[in-house]
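Notes follow once the structure below has been shown.
The values are calculated or read from the model by the stated rules, or taken from the named source; none is laboratory data. Small disclaimer: the values here were computed from a predicted structure and weren't measured. Glycine gets a Cβ as well: all are built from the backbone with ideal geometry, and neighbour counts include every protein chain shown. Heads up: the accessible areas ignore ligands, DNA and RNA and are worked out on the full protein's heavy atoms, side chains in. Shrake-Rupley method; radii C 1.70, N 1.55, O 1.52, S 1.80 Å.
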Amino acid sequence: MKFRTGDARKFAMGAAAGLLAFAAALLPAQGAQAAGSWQFVQQPIPGGYAPGGATILPFSATSAVLTEHTGPCGIGGCWLPEYVWSWNGSAVTAQQASYGYDYPEGRTAGTAPDDLWSFGYPGGIANGGVEHWNGASWTTYGFPSTFSGGTDSIAVTRNEVLTVGTDNTTSVWRPAVGRWAGGAWTVTVLPSPAGKNVHVDAIHQAGPNDIWVVGETQMGNGVTEMYVARFNGTTWTQVAAPALNAPYDLVREQIAGTSTDLWITGKKTKDGCFTSLRFNGTTWTTVPTCDGTEISSVVKYGTTWVANGGSTGLRKWTGTAWSPIASPRTTGTVVSRFTAEPGGAGFWAVGNDATGRFVSRFTGAL
């Protein structure tokens, strides 16, 4: 059988195309994400102390700060070091310890390893145990006597930090925000129901000039309602949120997301469901989880929302439900802290399992 010149050219081109397609099938797709994995970070605890509660403050894919409250500590608390380490993407380096009132819910905020704020015991003990690290030393900046802050905090810029707490000028717990802008603390009392005690749990920056806080209002007779307030760059306004199946058990509210895709998590209602709220910029959607799954906090990883399920493991949002994903460890993992990395390149989990406590970072495909 003879080929004409044109037929031979077509055959050669077809064969080449087939070889290219076969080779392409053997290679990973361009832009495909590598398989997901956990990187465990070990921070050396000095002898005589036990880990009491690690926190993670990531700044980028190669920079983070780890803090650890240590023990033992007697009933009522005590003054113990809060150890601090810088992480450079592969290893940790110890920084000078901060000395504050040992309390597991103390918060750390900042913009870089040389710009850290440590908030100790909320409630005004020792002025809240407020300290700032400038890369060389810690300096104390106590709260005014009219404010008990440090429950949760964010660093808006290198020169501005916000923390939530309670105004102390009346017998009623009024929600308040403390602001440090380089000279002194200024305190703003937030709008709230008259005569009602309000406890604020979390603060979050959803965008430029868009700050949210969330907590609960004690309505009396053991009934509480969710409290939400928002700052638009000029004014704080209380925001109406959907009524949940009250009364409910407070776990700890958390806020995450943007002005048009915001989650509030951490409520367990009396029917046994963990109920989250999602805001699209206009309306709220209630997302109950009633199968025993705990949804205490969420982070945005790429385009996917990932949830901390506490003792029930990690979950990802499918658009309609929370689906299980691999946890840092497989034996009885309980995640206690969950933090997003700026830019979405990874996220961090702190917790414990049958082998002890862990601090780990996830990257790759879920």
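Being out of contact with any Gly (no Cβ under 6 Å at 6 or more places or on another chain) and closer than 24 Å to residue 208 by Cβ is the filter here; which residues of region 150-174 pass it?
152, 153, 154, 156, 157, 158, 160, 161, 162, 164
Restricting attention to region 200-209, which residues are in contact with an Asp or Glu (Cβ under 6 Å, 6 or more places away or on another chain) and either open to solvent by 40 Å² or more (accessible area, probe 1.4 Å) or of a type outside the set (Asp, Glu) (or both)?
Residues of region 200-209 that are in contact with an Asp or Glu (Cβ under 6 Å, 6 or more places away or on another chain), as a first pass: 201-203.
Those that are in contact with an Asp or Glu (Cβ under 6 Å, 6 or more places away or on another chain) and either open to solvent by 40 Å² or more (accessible area, probe 1.4 Å) or of a type outside the set (Asp, Glu) (or both): 202, 203.
Is at least one residue of region 220-237 among the acidic types (Asp, Glu), in contact (Cβ under 8 Å) with a residue 24 or more places away in the chain and more than 24 Å from residue 145 (Cα to Cα)?
Start the filter on region 220-237 by keeping residues that are among the acidic types (Asp, Glu), which leaves 225.
Then drop every residue that is not in contact (Cβ under 8 Å) with a residue 24 or more places away in the chain, which leaves none.
No: region 220-237 contains no residue that is among the acidic types (Asp, Glu), in contact (Cβ under 8 Å) with a residue 24 or more places away in the chain and more than 24 Å from residue 145 (Cα to Cα).
Scan region 249-260 and tell me whether some residue there is over 19 Å from residue 202 (Cβ atoms) and modelled with pLDDT under 90.
no
Can you work out which of the residues in region 210-225 that are of a type in the set (A, V, I, L, M, F, W, C) and open to solvent by 30 Å² or more (accessible area, probe 1.4 Å) is nearest to residue 190 (Cα to Cα)? Don't jump to the end; show me each part of the working.
The initial filter retains those residues of region 210-225 that are of a type in the set (A, V, I, L, M, F, W, C), namely 211-214, 219, 223.
From what's left, open to solvent by 30 Å² or more (accessible area, probe 1.4 Å): 219, 223.
On the way: 219: 17, 223: 21 Å.
By that ranking, first place goes to 219.
What residue, among those in region 135-152 that are in a strand (DSSP E or B) and in contact with a helix residue (DSSP H, G or I) (Cβ under 9 Å, 6 or more places away or on another chain), is farthest from residue 199 (Cα to Cα)?
Going residue by residue through region 135-152, those that are in a strand (DSSP E or B) are 138-140, 147-152.
If we keep only those that are in contact with a helix residue (DSSP H, G or I) (Cβ under 9 Å, 6 or more places away or on another chain) as well, we get 140, 147-150.
Details: 140: 25, 147: 13, 148: 11, 149: 11, 150: 12 Å.
Taking the candidates together, the pick is 140.
Determine the pairs where a residue that is part of a strand (DSSP E or B), located within region 177-197, has a partner that is β-branched (Val, Ile, Thr) and open to solvent by 60 Å² or more (accessible area, probe 1.4 Å) with Cβ atoms under 6 Å apart, the partner being 6 or more residues away or on another chain.
177/188; 179/186
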